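> Questions regarding the structure given below will be posed in turn.
FYI, it's all coordinate maths here, none of it is from the lab. Treat the numbers as computed from the prediction; the structure is a model and nothing was measured.
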Amino acid sequence: MSVFARNAVNGRARVAHALLGPHQNGGLAMLQWAIVFFVIALIAALMGFGGVAGMSADIGWLLAVLAVVVLAVGLLSRGFARGP
């Protein structure tokens, strides 16, 4: 693998780690935000705010999907960076 390709793969792995990796509080950033939006959606639904609940649930779903996609890209790029 060329140096340029190796740096590109390592760069993507660093981005994935920055978005999903452990932070100072020990959690996973995007997944924490997804959970926060799901909790907001539940509280808003219980209080009768259907529009806020739906929007918060959609944002939480989007963040959860993005977290899984970034995680998959990070894992695949690490696997390709190590080689056979």
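> Can you list the HN-Hα couplings for the stretch 47-63, worked out from phi with the Karplus curve (6.51, -1.76, 1.60; θ = phi - 60°), rounded to whole Hz and with x for Gly and Pro?
For the stretch 47-63, the Karplus curve yields 8, x, 8, x, x, 5, 5, x, 5, 5, 5, 5, 5, x, 5, 4, 5 Hz.
> How much length is gained if the chain between Val69 and Met55 is pulled fully straight, taking 0.36 nm per residue apart and subtracting their Cα-Cα distance, in nm to one decimal?
The span from Val69 to Met55 would gain 2.9 nm if fully extended.
> Using 0.36 nm times the number of residues separating Phe80 and Ala29, minus their current alpha carbon distance, what extension gain do you get?
That works out to 15.9 nm of additional length.
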